[in-house]
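Have a look at the structure below, then the notes.
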């Protein structure tokens, strides 16, 4: 557990500190989950895997949820989703169906 250099002196400040630690851990987990999903989706798109569209959809869901909860900025999410979708569409257009 991280301990600050100067502890809070008021009870309310101590509580805010405890809350911030919980929030930081929660956000860290969400951000990590999103990163892994995006990484899997990019890999599926570039290798032309069968379930690439599903991976992209899952990554998009996690990204948008992270944005709505304030873990990631909305514009960052929009940019990432746009690039993922563009890559997925380009791959789908190239593959003979």
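All of the numbers you see were taken from the coordinates with simple rules; none came from a lab. In this text the structure is predicted, and so the values were computed from the model without any measurement. Ideal geometry is used to build each Cβ from the backbone, glycine not excepted, and the neighbour counts take in all protein chains shown.
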What's the angle, to the nearest 10 degrees (0 to 90), between helix 11-47's Cα axis and the longest principal axis of the chain?
10
Given only helices, namely DSSP H runs of n ≥ 4 each adding -39500 (n - 2.57), what is the per-residue ellipticity at 222 nm of the chain, to the nearest 500 deg cm²/dmol?
-27500 deg cm²/dmol
Return the equivalent ellipsoid semi-axes of the chain as a descending list in whole Å, where each equals the square root of 5 times an eigenvalue of the C-alpha gyration tensor.
39, 12, 9
Could you work out how far helix 52-68 tilts from the main Cα principal axis of the chain, as a 0 to 90 degree angle to the nearest 10?
30
What FRET efficiency comes out for the pair residue 95/residue 69, r = Cβ-Cβ distance, R0 = 30 Å, nearest 0.05?
0.30
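Let me have the relative contact order for the range 20-94, percent, based on Cα pairs under 8 Å that are six or more residues apart. Walk me through the intermediate numbers first.
Numbers: 52 pairs, mean separation 23.5, N = 75.
Once divided by the residue count of the range 20-94, the mean separation gives 31 percent.
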Roughly what angle does helix 74-94 make with the longest principal axis of the chain, taking Cα atoms, 0 to 90 degrees, to the nearest 10?
20
